[in-house]
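Peer 1: To start, I am sharing the structure in question, which I have written as structure tokens.
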There are 4 protein chains.
Amino acid sequence: MSVAMKPSATRAQLDEVVHKIKSAGLKVDISSGEFQTVIGIIGDEKRIDFDQIRSMPGVYDAIRIQVPFRLMSRSYIPKDVVVKVHGVSIGRDNPPVYMCGPCSIESYEQIHRIGKQVKEAGAHILRGGAYKPRTSIHSFQGLGLEGLKHLQSAGKDLDIPTITEVRSEVDVESVAKYADILQIGARNMFNQDLIEATARTGKPILFKRSFAAQIDEYLSFAERIVANHNKNILLCERGIMPLGGTFKSQTRFTLDLNAVPILRKETPFPVIADPSHGTGRRDLVLPMSRASIAAGAHGLMIEAHDRPHEALSDGAQALDPKELAKIIRMCNLLHKTIRESETPFSSDFVNGNGHD
Amino acid sequence: MSVAMKPSATRAQLDEVVHKIKSAGLKVDISSGEFQTVIGIIGDEKRIDFDQIRSMPGVYDAIRIQVPFRLMSRSYIPKDVVVKVHGVSIGRDNPPVYMCGPCSIESYEQIHRIGKQVKEAGAHILRGGAYKPRTSIHSFQGLGLEGLKHLQSAGKDLDIPTITEVRSEVDVESVAKYADILQIGARNMFNQDLIEATARTGKPILFKRSFAAQIDEYLSFAERIVANHNKNILLCERGIMPLGGTFKSQTRFTLDLNAVPILRKETPFPVIADPSHGTGRRDLVLPMSRASIAAGAHGLMIEAHDRPHEALSDGAQALDPKELAKIIRMCNLLHKTIRESETPFSSDFVNGNGHD
Amino acid sequence: MSVAMKPSATRAQLDEVVHKIKSAGLKVDISSGEFQTVIGIIGDEKRIDFDQIRSMPGVYDAIRIQVPFRLMSRSYIPKDVVVKVHGVSIGRDNPPVYMCGPCSIESYEQIHRIGKQVKEAGAHILRGGAYKPRTSIHSFQGLGLEGLKHLQSAGKDLDIPTITEVRSEVDVESVAKYADILQIGARNMFNQDLIEATARTGKPILFKRSFAAQIDEYLSFAERIVANHNKNILLCERGIMPLGGTFKSQTRFTLDLNAVPILRKETPFPVIADPSHGTGRRDLVLPMSRASIAAGAHGLMIEAHDRPHEALSDGAQALDPKELAKIIRMCNLLHKTIRESETPFSSDFVNGNGHD
Amino acid sequence: MSVAMKPSATRAQLDEVVHKIKSAGLKVDISSGEFQTVIGIIGDEKRIDFDQIRSMPGVYDAIRIQVPFRLMSRSYIPKDVVVKVHGVSIGRDNPPVYMCGPCSIESYEQIHRIGKQVKEAGAHILRGGAYKPRTSIHSFQGLGLEGLKHLQSAGKDLDIPTITEVRSEVDVESVAKYADILQIGARNMFNQDLIEATARTGKPILFKRSFAAQIDEYLSFAERIVANHNKNILLCERGIMPLGGTFKSQTRFTLDLNAVPILRKETPFPVIADPSHGTGRRDLVLPMSRASIAAGAHGLMIEAHDRPHEALSDGAQALDPKELAKIIRMCNLLHKTIRESETPFSSDFVNGNGHD
């Protein structure tokens, strides 16, 4: 920990801070610059109350450098984690995995029909929402348990693993019973009880970053999953808050692709990008899918619907299965091109401040 | 609804949009400007799929003006709501109400001791956390049920109503049993299931705005409380995200006092400001408390601790009870000065675009 | 400076960082925690390249605590600065100063007419724009030099000092010739050449914070004024970016009143708040003016126009002179109430982490 | 224009709005929903004062759909613009163009040496700063005119076009004399006088988006270049503000790649991405360069320095020329792969809400 005094700090204030530190059994190193004095603390910092020092008169700032996540870091799990779900391997050098399907499960027939289409288009995992997080109480909230059963049935009939969102602690068990991967949505990223309850099922979890979370904050919440002995984690970037202002925002969210290489460096877990929710615009899904794969994503979540104009939710961002097939072929080609080049994905981590 | 075509839209694209609207049985009004054509839609807009129109070729934007909250608005409840809790009246012209106490309940003795101090300082309601929302799994998480019991005991012994946060759907019943007001924290503002479960207890709810929610979005979530037949709502501004950047942020959050007069105009419910969490700095609590009252807040939530340097959480923002007493006296004086002036709080609503 | 190694850092990487530091003639203090090793640096940090250390393999972060502004701080100018303009004293314990007038100077007649009205309403300084910063090239850009002459004439005839914005380096001299206070607008806060050219005129400067600047960044740009030997500085908070999202933003900007007590603590210069631009809504000017004064502002900038619906710019936020008079009376009363209370403005600075 | 009344609006308020509109000679279409009444306006909207309507009692919102930029849109210039600089063609289907070099020109020798290296690495244009925009007055500010001469000399000797930033209106002429492309930096995006003065030189301009500008706002400022009869425009995404919060921000800025396909759709001008400034981290330049090209960028600006640890500015983000050569080869390969695929870049514009 370092403590910087204000330029206006008096000698008495400096002495009081130093006294406080020494009386905890630590040593100090004082550097007096032209404008400012900085106190370096030598010894076991746990003996000192950080907040107390910070709020003492004359103190400008007290900084403690600490990695805010530990169990998610490569020191705890050095090697890339591969998450396996019914024969699909996600992460490390595996080809990209595509999780596709409608925003909402609307009927038995609909999820079977679209499930078949996305599988033919190249998708590996079928997505569909049964419990929908909605801003307005007046919007369609999902089919609930009935939707879960339709999804499970489609998954079995089509031999494709499934993913769906768990929105409430109360539903964790039933969602875990019917789906293969449990998704924790962006709005629940700060919901520690839901995270822990979901983690304890032991099932694979796709954990979405909140639109309002810095990357380190996101990882410090993901930490709760590993702390509950579940390492089947898929990290997912799905868009941060757009810039505020008085002009029309071109997108609902801002897909933050910087997060993809950063997450790959900081943690061993697979990283998924969601260009559908990340932009909210169908016409941006193709270019942003290409960019996600090029940035290093291990997979994509893409909303698809064969009748987007009839979808009960998020129709504006859903792709039809033919467009989806083209995107998947394009992304597979890009991934292969990069993997076989002189600078494959693994070379992202050897320059500069990598995970080494 | 209005539909604006792009400057580059072709005649055929315009015709297709017009055809789509007319075939739903509606009329159009086309205004062709120098650069751009706008289609006004005349008739019942519910017959048209907004997203579908918006994603048609040649369309720049389709805008539907809709107030996103209804049950929270003054058209549903025209008159100012007064929330009453064991003899304390909050809202309308009542003097400011102060909700004070420690961040966390740490022991039976601590909550009784501080409870007594804050009551003597002028507080009307005792706050204390039993279930703490924490970023890190490695921090103190609260005493849970035991803490609730200490709080209830302190409330009874000191004859002061209590408020505490409910963090998880699973705990709603027990929190409702022990506390007088249930708080839904900023991180749970988007947690629709928790909101609804809490609303159904019928108890007064202090509903905090998320640090990432626009005001209209906040109110559209609050709507779920009224929809569950609970009108005992206290709205609470507690700080939005600070501006990003590479400089040290002076505050943890940015207390957004613009929200105070806006919430008072848009809705009939009492508005509380929380300068402790809203800034995260003890030394800003006095000036921002004054500013909150001057902006029109019906009450304040202020963290207090007689031994801030020993507090198990948020010590850096807690005030000691003597300072608290001064703030309460100052704020009462300010409130009285404004209420008795030629422009009392009620005159905020007669100029310009008020609630009329 | 402290250097934190990553949890995954190898012994060799640690050794290399230590070697780099020692070879610059400095000493190190190494603390090895359970998860992470931190290197404290002892000695003159200027000998080390901060960026170089930060980008070495195995380094998590390297932090140097430095106050980013010096000449603006109370160590350089300990006592509150009072800026005097033709008999008007701004800052310290002086009563609030009001700078009022139309957004744009529209004609000789208009600025004389409104000037008379705002002076009668209690304003001390007449504002009016001759060079308007506008988003769109298709909007009214101001009368330029002609407007400056109208403003000067109104100021002389009415015996009231004037303030106007200087938008371009090229105009600095002529604006300095005609106006008493030069305003640097929010969009030019990062325009270092304009700041320095304006500073060199020696005239009082009202320097607005950008809607995108953290407070410390703002002060580091203001530093350029003092560095050019001009201490006649009025700091001005006029609203930061609103939160982004898909809901209607209730205000154009978010007036950040947290900045008022922070700026008063960190620097000796007077702090002005601009609730007109800070919110963009006429009906919020009264409550936010009260809140600004209560937060500690030394003065207010308020747009006024007797025919707001005919104003060539910003009509939606301008007040009519009668409303203005009421606001000024209210704010004067509030200021007096606080100044004469047991906790006057000066007591904001004695608790906690103040400038002491 | 549509006007939405508040749910609480009275009949008299509605009548007053309708009267105001009709008295301007326009017609109205009133739709009364369950909660809210909306007035559609039929006729020439220019006859009505938008702000006036918006601020009338009982009005919730008044919305006018207007594309905020015209001359930048594809209706004014339908076909992709190719900007040519001394034999280098930027835009449309041309292979990516790389603008590389040091952040600051430090000496005659340095810019010649690095210029040679980046040209050998595959760069087409040499960048180097002579006038540096800096936050702190205490940092290196650039060599100024002397630097410009070194840059011109290096460009001639190496037969490579040059680009440098013009920071002040006063320097426009001399920068235009010495450099081939003039850059307007992110901090000057709102500086309308600088934009117009630079545009009038007729030279190619690389116009960077501010870190605080929504895309539509950015384009409305770029509009000023075309309005001054200069169509040699390169648009440039270089990072928006990172999310605020109390955690360490992983990057200085957030490179917003969503902007790349959006700018390509909305305007005909070439789009450049700057992953060096956009992230501020050397180790992210490779993955974010790949992602930029995959998103559709026509070129990249990348900082390079053969002795990054000795650079006078921005050393932490500069690449050495060998790494640069690999990135350029990788990006050329990616561009070719996409251009020759079944979904080349041009297919980004045929689905959904494209420019058609």
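The values are calculated or read from the model by the stated rules, or taken from the named source; none is laboratory data. Note that the coordinates shown come from a computational prediction; the quantities given were computed from them, not determined experimentally. Cβ coordinates were reconstructed from backbone atoms using ideal geometry, including for glycine residues, and neighbour counts include every protein chain displayed.
Peer 1: Checking the structure you have, find out if any residue of region A:50-68 is at the interface with another protein chain (Cβ under 9 Å from one of its Cβ atoms), among the aromatic types (Phe, Trp, Tyr), over 30 Å from A:Gln317 (Cα atoms) and in a loop (DSSP other than H, G, I, E, B).
Peer 2: no
Peer 1: Can you find a residue that is over 23 Å from C:Leu71 (Cβ atoms), in the same structural domain as C:Gly91 (by TED's automatic domain parsing) and of a type in the set (A, V, I, L, M) anywhere in region C:215-237?
Peer 2: The answer is no; no qualifying residue exists.
Peer 1: Could you list, in sequence order, the residues of region C:44-74 that are under 30 Å from C:Lys265 (Cβ atoms) and at pLDDT 75 or above?
Peer 2: If the condition is that a residue be under 30 Å from C:Lys265 (Cβ atoms) and at pLDDT 75 or above, then C:Asp61, C:Ala62, C:Pro68, C:Phe69, C:Arg70, C:Leu71, C:Met72, C:Ser73, C:Arg74 are the ones that fit.
Peer 1: Scanning region D:117-135 for residues that are part of a helix (DSSP H, G or I) and among the hydrophobic types (A, V, I, L, M, F, W, C), which turns out nearest to the other protein chains (Cβ to nearest Cβ)?
Peer 2: For region D:117-135, the residue satisfying everything is D:Ala121.
Peer 1: May I ask you to list pairs of residues, at least six apart or on different chains, whose Cβ atoms are under 8 Å apart, with the first in region B:147-159 being more than 18 Å from B:Ala176 (Cβ to Cβ) and the second being outside any helix (DSSP H, G or I)?
Peer 2: The qualifying pairs are B:Leu158/B:Leu126.
Peer 1: Would you mind stating whether B:Ser55 is touching a Pro at 6+ places or on another chain (Cβ under 6 Å) and closer than 28 Å to A:Thr135 by Cα?
Peer 2: For B:Ser55, the condition - touching a Pro at 6+ places or on another chain (Cβ under 6 Å) and closer than 28 Å to A:Thr135 by Cα - is not met.
Peer 1: Test C:Val166 against the stated conditions and say whether it is surrounded by 23 or more Cβ atoms within 10 Å (Cβ to Cβ) and either in contact with a Lys or Arg (Cβ under 8 Å, 6 or more places away or on another chain) or under 30 Å from D:Met72 (Cβ atoms) (or both).
Peer 2: yes
Peer 1: Could you tell me how many of the residues in region D:7-43 are touching a Gly at 6+ places or on another chain (Cβ under 8 Å), assigned to a loop (DSSP other than H, G, I, E, B) and modelled with pLDDT under 80?
Peer 2: Final tally of qualifying residues: 2.
Peer 1: Could you list all residues from region C:69-90 that are assigned to a loop (DSSP other than H, G, I, E, B) and touching a strand residue (DSSP E or B) at 6+ places or on another chain (Cβ under 6 Å)?
Peer 2: Listed by number, the list holds a single entry, C:Val82.
Peer 1: Here is a further query. Which of (1) within 21 Å of the chain's Cα centre (by Cα); (2) modelled with pLDDT of 95 or more; (3) farther than 19 Å from D:Arg290 by Cβ does A:Thr267 not meet, given it meets every other one?
Peer 2: (2)
Peer 1: Give region C:252-275 a look and list any residue that's of a type in the set (S, T, N, Q) and either at the interface with another protein chain (Cβ under 9 Å from one of its Cβ atoms) or closer than 22 Å to A:Leu243 by Cα (or both), or say none.
Peer 2: Across region C:252-275, the qualifying residues are C:Thr254, C:Asn258.
Peer 1: Out of everything in region B:122-144 that is in contact with a helix residue (DSSP H, G or I) (Cβ under 6 Å, 6 or more places away or on another chain) and surrounded by fewer than 23 Cβ atoms within 10 Å (Cβ to Cβ), what residue ends up being farthest from B:Pro96 (Cα to Cα)?
Peer 2: B:Ile137
Peer 1: From the set of residues in region D:224-241 that are assigned to a loop (DSSP other than H, G, I, E, B) and modelled with pLDDT of 95 or more, which is farthest from the other protein chains (Cβ to nearest Cβ)?
Peer 2: So, considering only residues that are assigned to a loop (DSSP other than H, G, I, E, B) and modelled with pLDDT of 95 or more, the one farthest from the other protein chains (Cβ to nearest Cβ) is D:Asn232.
Peer 1: Any chance region C:69-85 includes a residue that's farther than 23 Å from B:Phe247 by Cα and within 12 Å of another protein chain (Cβ to nearest Cβ)?
Peer 2: Yes: region C:69-85 contains one or more residues that are farther than 23 Å from B:Phe247 by Cα and within 12 Å of another protein chain (Cβ to nearest Cβ).
Peer 1: I'd like to verify a number: residues in region B:1-38 that are more than 10 Å from chain D (Cβ to nearest Cβ) and touching a Leu at 6+ places or on another chain (Cβ under 8 Å), how many?
Peer 2: Counting residues in region B:1-38 that are more than 10 Å from chain D (Cβ to nearest Cβ) and touching a Leu at 6+ places or on another chain (Cβ under 8 Å) gives 1.
Peer 1: Test of understanding: among B:Val85, B:Val18, B:Val81, which residue is more than 30 Å from the chain's Cα centre (by Cα) and touching a residue at least 12 places away in the same chain (Cβ under 8 Å)?
Peer 2: B:Val18
Peer 1: Another one. Could you grab me the full set of residues in region A:282-292 that are touching a residue at least 12 places away in the same chain (Cβ under 8 Å) and either at the interface with another protein chain (Cβ under 7 Å from one of its Cβ atoms) or at positive phi (or both)?
Peer 2: Matches in region A:282-292: A:Arg282, A:Leu284, A:Leu286, A:Met288, A:Arg290, A:Ala291.
Peer 1: Something else about it: Which condition breaks for A:Ser249 when tested against (1) farther than 27 Å from C:Met241 by Cα; (2) among the hydroxyl-bearing types (Ser, Thr, Tyr); (3) modelled with pLDDT under 95?
Peer 2: Result: A:Ser249 passes all but (1).
Peer 1: Starting from residues that are of a type in the set (D, E, K, R) and in contact with a Lys or Arg (Cβ under 8 Å, 6 or more places away or on another chain), keep the ones in region D:235-251 and report whichever is surrounded by the most Cβ atoms within 10 Å (Cβ to Cβ).
Peer 2: Checking each candidate, the answer is D:Glu237.
Peer 1: Quick one: which of B:Ser89, B:Ser8 is of a type in the set (Ser, Thr, Tyr) and surrounded by fewer than 17 Cβ atoms within 10 Å (Cβ to Cβ)?
Peer 2: On inspection, the qualifying residue turns out to be B:Ser89.
Peer 1: Still on this structure, I have one more. Name the single residue that is nearest to D:Ile225 (Cα to Cα) among those in region C:105-121 being surrounded by fewer than 24 Cβ atoms within 10 Å (Cβ to Cβ) and within 26 Å of the chain's Cα centre (by Cα).
Peer 2: So, considering only residues that are surrounded by fewer than 24 Cβ atoms within 10 Å (Cβ to Cβ) and within 26 Å of the chain's Cα centre (by Cα), the one nearest to D:Ile225 (Cα to Cα) is C:Lys119.
Peer 1: Go through region A:181-225 and give me each residue that's over 23 Å from A:Ile125 (Cα atoms) and among the aromatic types (Phe, Trp, Tyr).
Peer 2: A:Phe190, A:Phe211, A:Tyr218, A:Phe221
Peer 1: If you don't mind, there's one more thing I want to ask. Checking the structure you have, find out if any residue of region D:311-323 is in contact with a His (Cβ under 9 Å, 6 or more places away or on another chain), over 25 Å from D:Pro204 (Cβ atoms) and acidic (Asp, Glu).
Peer 2: yes
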